[in-house]
């Protein structure tokens with residue numbers, strides 16, 4: 001994938017990824033420190049930016065992942081994890097002093113010279129189409145910014161976030177959040193440029209032609225798309241577009257669209273309060289009955305039953 005192709009795909013993708021970053025911690029740690037983070041609900045991702053020193057990332061069932069100064073870590077699915085000093089056992093360590101500055105938690109080890117600096121936060125993806133794209137990302141995305149040519153582009157933004165948080169000048173939180181949002185889109189672009197997914201949505205996004213068709217579907221899943229419409233959007237012939245989709249996903253574009261619509265509907269059923277008729281219309285079905293039949297074929301359960309079970313589960317968790 002060329003840089004031009006990646007930029008073209010991301011130009012369409014970026015508006016859909018209306019990411020709301022939350023910068024939560026600015027940490028200066030030393031000694032055998034460790035910091036644990038619980039799993040986040042759907043639609044939330046964790047990120048850590050290492051601006052000084054080295055850390056290890058531990059996740060249940062996986063080995064430790066080392067991150068060095070200049071590395072950016074993204075956990076797209078908000079997995080539980082622990083970030084720690086290379087020599088730490090995962091708990092304990094020196095006491096930590098905490099103070100709050102503009103709703104940002106500043107943490108520093110007490111009695112130990114800090115040798116590690118971290119900027120930590122979360123990303124919130126605010127709508128179902130965005131979550132669908134994020135769901136296609138791997139569990140862990142690491143950008144080694146110290147490796148050129150990334151350094152020249154990413155270092156100024158990383159240092160800008162750090163300096164805004166460190167100096168605490170008027171408007172610093174807003175500026176740092178905007179920089180973090182830009183950083184995520186740049187990170188996603190770099191990931192698409194560097195990776196070669198074998199199948200699925202990411203592979204479609206990794207090619208300009210199929211990316212244009214996918215992004216059009218995601219922007220307006222309720223439209224009565226035809227193969228001609230999608231081919232025109234992708235600036236390709238019908239046959240070329242079908243071959244590209246089949247190679248990437250094993251299905252033709254309109255079959256992919258059906259899966260996309262039902263996936264979006266499934267998320268709406270589990271998390272939203274919209275009526276069944278509204279959900280059906282939003283994803284392109286003329287009637288609730290047609291939507292219910294398609295949903296049953298895909299998932300083996302009626303949409304009403306899935307919504308009932310999801311609400312019952314939520315009620316049980318709230319009690």
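Throughout, read-outs are computed from the coordinates displayed, never taken from laboratory work. Nothing here was measured: the structure is a model prediction, and the numbers come from that model. Using ideal geometry, Cβ is built from the backbone for each residue, glycine included, and neighbour counts are taken over all protein chains shown.
General remarks:
- Using a Förster distance of 22 Å, the FRET efficiency for residue 309-residue 42 (Cβ separation, nearest 0.05): 0.85
- The alpha carbons of region 202-318 give a radius of gyration and a Dmax of 15.8, 52 Å, in that order.
- Fewest-first ranking of 124, 308, 191, using other Cβ atoms within 10 Å as the exposure measure: 308, 124, 191
- Taken along the Cα-to-beta-carbon direction at a fixed 7 Å, the label points for residue 168 and residue 227 span 6.3 nm.
- Inter-probe distance in nm under a simple model that places probes 7 Å from Cα toward Cβ, at residue 159 and residue 278: 4.9
- Summarising the label geometry, the points placed 7 Å from Cα in the beta-carbon direction at residue 22 and residue 219 lie 3.0 nm from one another.
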